[in-house]
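Take a look at the structure below.
The values are calculated or read from the model by the stated rules, or taken from the named source; none is laboratory data. For clarity, every value in this text was computed on a predicted model and none was experimentally measured. Note: ideal-geometry Cβ built from the backbone for every residue, glycine included; neighbour counts use all protein chains shown. SASA here: full protein model, heavy atoms, side chains in, ligands and nucleic acids out. Shrake-Rupley method; radii C 1.70, N 1.55, O 1.52, S 1.80 Å.
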Amino acid sequence: MRSGQRLGRLRGHGPGRLHGHRLGRRFGWFWGAYGTSALGTWLAFGAFPLIAIRVLHAGPAEVAALSSVGAAVGAAVAVPLGPWVEFRRKRTVLIATDLVRFAALLTIPAAFALGALTFLQLLLVSVVVAAADITFRAASGAYLKTLLAAEDLLVANARFESTAWTTTIIGPPLGGAAIGLLGPVATVVADAVSYLLSALGIRAAGGHEPPPGRRETARVRAGDLLDGWRFILADATLRPLFFNTALFNGLVMAAQPLLAVLMLGRFGFAPWQYGLAFAAPSIGGLLGSRLARPLVTRFGQHQVLVVAGALRALWPVGLAFLGPGTGGLLLVTGVELGLIFCCGVFNPVQATYRLERTATDRVTRTLSAWAVSTKASTALLTAVWGVLGSLFGPRAAIGLAGVLLLATPLLLPRRAAARLPGPEPSPSRT
């Protein structure tokens, strides 16, 4: 789940407060809920394709549709939910989306047990889960902003980032072992239960949430669907960051299938080697997220955002030099380690920067538009790079993505953002 009112250093928070920073009981429950659902997601990583292949005997086209079409349609479904959620209590929305994911995922093992599981059901569940994911992330950003003071947002986002990379490290190996022993449906059950536990954790957080802003009409109008994009594009600092994120994420993800073709096909790496090359470097994300706050305290938010954002773009071009054997494995591991470390620093700073630049009554629509655009650009660029890989070869397409990524730092904000006018509501922590 899961980057300015504060310029330069975070005032009032010296180095002595970097460790053991307490954010209150309510945040603790929220953080625990996030970690539980994140672990469940990574335990079930790759479960749907495995079920499609091993249980339903699906072909390559169907498996590709499961991952791309499901996410794309889910993003489209989430578009009207952003404006609707903006004027609802966010804690209620978070619990509801967790329960929706819990119920949707449980239909998979239920249908499997009855011998009635179909590919269409897998596709529909993937759409529901994708739409609920986007809605949850957008609402969670708005909820976090009401939960904590502005100077605590970076600490919170760094903890979320650290938790995300920790579950990335431990989740897939545990899930792989569970799949080997019990089959892929078992990890879907674990994922479903994690959402139920997340809902219970958010409910246990309790406390008072400020009422959402009122709107003139109860219905969502057609023009409301574009509000999130209007807010982003009208902000001189969010606008370049938005395009930077969409292009960077899209190009990085577009190269991944081609890299898999090279490693698992042409160069004959074993599946465990392929998994190791991406799981082990996640330690870099954990370290980067731990350093994000100290770096911002020392050098300032804007400088860390720009430097980390630029450094992360330097690594992927190295994947074009991939070769067979131990050297190739070390190359991929080293590139991914550097890339993920820089992302570990950049992501929580970017998440905080984005929240601080967005008024509380616009957070949900803004984050929803951001997530939808990122997913759409990733799907589009992945499809384009699949064609380029077929025409010019995987190595050339990976190299082209790496070269284009070198230009993405030009889209980072060039100046520190001015403070937003108007006071923000003071959150109450217990």
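Numbers below:
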| read-out | value |
| --- | --- |
| Condition met for Ala131 (over 18 Å from the mean Cα position of the chain (by Cα), of a type in the set (Gly, Ala, Ser) and assigned to a helix (DSSP H, G or I)) | no |
| Number of the exception - Ala150 against (1) under 19 Å from the mean Cα position of the chain (by Cα); (2) surrounded by fewer than 19 Cβ atoms within 10 Å (Cβ to Cβ) | (1) |
| Selected residue [assigned to a helix (DSSP H, G or I), at pLDDT 75 or above and either of a type outside the set (Lys, Arg) or open to solvent by 50 Å² or more (accessible area, probe 1.4 Å) (or both)] from Gly28, Gly70, Gly16 | Gly28 |
| Condition met for Gly284 (crowded, with 19+ Cβ neighbours inside 10 Å and either under 24 Å from Leu367 (Cβ atoms) or polar (S, T, N, Q) (or both)) | no |
| Test set (1) assigned to a helix (DSSP H, G or I); (2) of a type outside the set (A, V, I, L, M, F, W, C); (3) in contact with an Asp or Glu (Cβ under 9 Å, 6 or more places away or on another chain); (4) buried (at least 18 other Cβ atoms within 10 Å of the Cβ) - Gln350 fails condition number | (3) |
| Neighbours by Cβ (under 6 Å, 6+ apart or cross-chain): first from the stretch 302-314, more than 23 Å from Val332 (Cα to Cα); second hydrophobic (A, V, I, L, M, F, W, C) and surrounded by fewer than 24 Cβ atoms within 10 Å (Cβ to Cβ) | His302/Ala416; Val304/Leu295; Val306/Leu412 |
| Selection within the stretch 194-226 - among the hydrophobic types (A, V, I, L, M, F, W, C) and either open to solvent by less than 20 Å² (accessible area, probe 1.4 Å) or modelled with pLDDT of 85 or more (or both) | Leu196, Leu197, Ala199, Leu200, Ile202, Ala204, Ala205 |
| Failed item in (1) assigned to a helix (DSSP H, G or I); (2) at pLDDT below 85; (3) open to solvent by 50 Å² or more (accessible area, probe 1.4 Å); (4) not small (Gly, Ala, Ser), with Pro49 passing the rest | (3) |
| Residue within the stretch 360-367 that is farther than 15 Å from Ser140 by Cβ and under 15 Å from the mean Cα position of the chain (by Cα) present | no |
| Residue count, the stretch 80-121 (criterion: of a type outside the set (Ser, Thr, Tyr) and over 20 Å from Ser37 (Cα atoms)) | 21 |
| Selection count where residues are within 22 Å of Val332 (Cα to Cα) and either open to solvent by 60 Å² or more (accessible area, probe 1.4 Å) or among the hydrophobic types (A, V, I, L, M, F, W, C) (or both), scope the stretch 227-256 | 7 |
| Near pairs, Cβ below 9 angstrom, 6+ apart or cross-chain, from the stretch 268-295 (within 28 Å of Val307 (Cα to Cα)) to any residue that is of a type in the set (Lys, Arg) and in a helix (DSSP H, G or I) | Ser289/Arg159 |
| Failed condition for Ala52, given (1) closer than 29 Å to Lys145 by Cβ; (2) over 17 Å from the mean Cα position of the chain (by Cα) | (1) |
| Residue match in the stretch 78-97 (condition: under 27 Å from Thr364 (Cα atoms), modelled with pLDDT under 90, open to solvent by 50 Å² or more (accessible area, probe 1.4 Å) and among the hydroxyl-bearing types (Ser, Thr, Tyr)) | no |
